[in-house]
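Every number in this text was worked out from the coordinates using simple rules, so none of it is lab data. This is a predicted model, so every value here is computed, not measured. All Cβ positions, even for glycine, are placed from backbone atoms using ideal geometry, and neighbour counts span all protein chains on display.
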Amino acid sequence: MLVAGTSGAGKTTLAARVAAALRVPHVEIDALFHGPGWTRRPSFEADVHRFSAEPAWVTEWQYGAVRAHLAARADLLLWLDLPRRRVMRQVVRRTLVRRLRRQALWNGNVEPPLWTVLTDREHIVRWAWNTHGETAARVRRLLVERPELTVVRLRSREEAARWANGPLRESVTARP
């Protein structure tokens with residue numbers, strides 16, 4: 001299962017919740033991608049191919065190098081299609097908290113100094129703003145390539161919670 005959305009939409013949070021409910025592994029794809037110093041880990045693609053060969057998993061749908069491979073292996077795509085204002089509130093808050101707490105992320109990385117939002121075109125806050133509409137285009141292309149793929153479009157945190165407490169919970173209780 002894949003969870004799609006722009007940076008800061010809540011993909012990892014939802015993916016972890018779904019995986020826990022289904023009792024399947026959640027593979028945080030950022031942890032596979034980021035090496036020390038925010039470098040790409042050399043084993044990233046091999047690691048993705050390894051976990052996605054398993055029969056059940058949940059991960060975030062990102063990183064162009066593996067996006068098509070993951071989409072070909074998925075049987076469901078959860079699409080967090082939140083409004084830009086909501087995503088920006090979430091990503092700014094998350095970035096501030098992580099930076100002020102010097103929270104260690106993947107492989108010891110920490111958010112860069114806050115002023116870098118002004119100088120780094122790939123700063124996560126700028127990235128979230130600039131790429132907000134790209135997920136919709138990717139999902140549309142994916143549906144042309146894989147019309148049989150089930151896509152659940154969630155347009156708010158409340159809608160995501162209703163889905164998790166409704167259809168997701170029902171699918172778990174219906175399992176043997």
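In a fully extended conformation the segment linking ARG23 and SER43 would gain 4.6 nm over its present Cα-Cα distance, using 0.36 nm per residue. Computed from the Cβ-Cβ distance with R0 of 45 Å, the FRET efficiency linking ARG99 to ALA174 stands at 0.55.
In terms of packing, defined here as the mean over residues of other Cβ atoms within 10 angstrom, the peptides 31-42, 162-173 line up highest first as 31-42, 162-173. For the range 2-165, the dipole from Cβ point charges (+1 on Lys and Arg, -1 on Asp and Glu) about the Cα centre works out to 660 debye, to the nearest 20.
Evaluate the Debye formula for the chain with equal point scatterers sitting on the alpha carbons, no solvent, and hand back log10 of I(q)/I(0) at q = 0.11 Å⁻¹, in q order, two decimals. For the chain, the Cα-only Debye profile gives -0.48. The Cβ shell under 9 Å around ALA15 holds other residues with a net charge of 0, Lys and Arg each +1, Asp and Glu each -1. Test of understanding: extend the Cα→C-beta vector of LEU149 to 7 Å, then name every residue of the range 1-36 with backbone N under 16 Å from that spot. Label zone hits: 1-6.
By how many nm would the segment from GLU134 to ALA72 lengthen if fully extended, with 0.36 nm per residue of separation less the alpha-carbon distance? Before the final figure, lay out each step's value.
Values: separation 62, 0.36 × 62 = 22.32 nm, distance 1.91 nm.
Residue separation times 0.36 nm, minus the Cα-Cα distance, leaves 20.4 nm.
Between amide H atoms placed 1.01 Å from N, distances below 5 Å from ALA4 occur with TRP61, LEU78, TRP79, LEU80, all of them 5 or more places distant or on a separate chain.
Cα centroid separation, the range 147-176 to the range 25-98: 19 Å. Per-peptide packing, taken as the mean over residues of other Cβ atoms within 10 Å, places 3-11, 48-56 in the sequence 3-11, 48-56 from highest down. Taking every DSSP beta bridge with both residues inside the chain, roughly what % is antiparallel (nearest 5)? Approximately 10 percent, going by the DSSP bridge assignments.
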